[in-house]
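Below: one structure, written as structure tokens.
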Amino acid sequence: DAGITQSPRHKVTETGTPVTLRCHQTENHRYMYWYRQDPGHGLRLIHYSYGVKDTDKGEVSDGYSVSRSKTEDFLLTLESATSSQTSVYFCAISEADQPQHFGDGTRLSIL
Amino acid sequence: GESVGLHLPTLSVQEGDNSIINCAYSNSASDYFIWYKQESGKGPQFIIDIRSNMDKRQGQRVTVLLNKTVKHLSLQIAATQPGDSAVYFCAENMGETSGSRLTFGEGTQLTVNP
């Protein structure tokens, strides 16, 4: 949707392993966001980017890092995955003061 | 049918009825609000937005009302159809100085009965 591709769509991994999720956009939007969605918590912001190499923390950033080396790609890394990071992860893009548009998510299970 | 605040997460209506989904927001400085629809297994989909200089905005079968005095939003869906069954989220935009971040409500599950 809206030129956003998340990969992988599904992943199962073990506790303690590193995991990287990718978000790729074809819209050339300035802002990119990573959210996690858990039952009872709605969508919570992990990190966001307001330009190449410009990132900032959201409300649930502990245990996550991000990188944005070019406009179209925003990577989310779990350095050492824990079971509490089992979730559905959504990427979103926007221009300033415009609606965010979301990808279809990555379902991540950490055993 | 009508939902009440964020603590009633489900709303069940009959096909053809009007639906009203309510949302309270937290930040009196927020000036931009968005409604999203999320179907099972998909990402949130933009429905309609409203800026704080407006009280009402209409789209196709949907209307958003904004009451800044009590920090309340509502989404009205006219002639609700089975395809409207989904979770609906309101979101407030924290402004460009905060990276145009969104804070989401917990969502309301709308079920449309044929």
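Observations, loosely collected:
- Extreme residue, modelled with the highest pLDDT, among residues of the range B:77-108 that are part of a loop (DSSP other than H, G, I, E, B), farther than 20 Å from A:His29 by Cα and facing chain A (nearest Cβ under 9 Å): B:Gly107
- Annotation: of all residues in the range B:31-58 being of a type in the set (Gly, Ala, Ser) and loosely packed, with under 12 Cβ neighbours inside 10 Å, the one that is nearest to A:Ala92 (Cα to Cα) is B:Gly41.
- Answer residue from the range A:1-29, given it is more than 12 Å from the chain's Cα centre (by Cα) and in a strand (DSSP E or B) and is nearest to the other protein chains (Cβ to nearest Cβ) among those: A:His10
- Criterion violated by B:Ser12 - all others in (1) away from chain A (no Cβ under 11 Å); (2) in a loop (DSSP other than H, G, I, E, B); (3) surrounded by fewer than 16 Cβ atoms within 10 Å (Cβ to Cβ) satisfied: (2)
- Selection status of B:Ser74, of a type in the set (Ser, Thr, Tyr) and either assigned to a strand (DSSP E or B) or farther than 25 Å from B:Met94 by Cβ (or both): yes
The values are calculated or read from the model by the stated rules, or taken from the named source; none is laboratory data. Here the structure is a predicted model, which is why all the values come from computation and not from measurement. Counting neighbours? That spans all protein chains shown, and the Cβs are built from the backbone with ideal geometry, glycine included.
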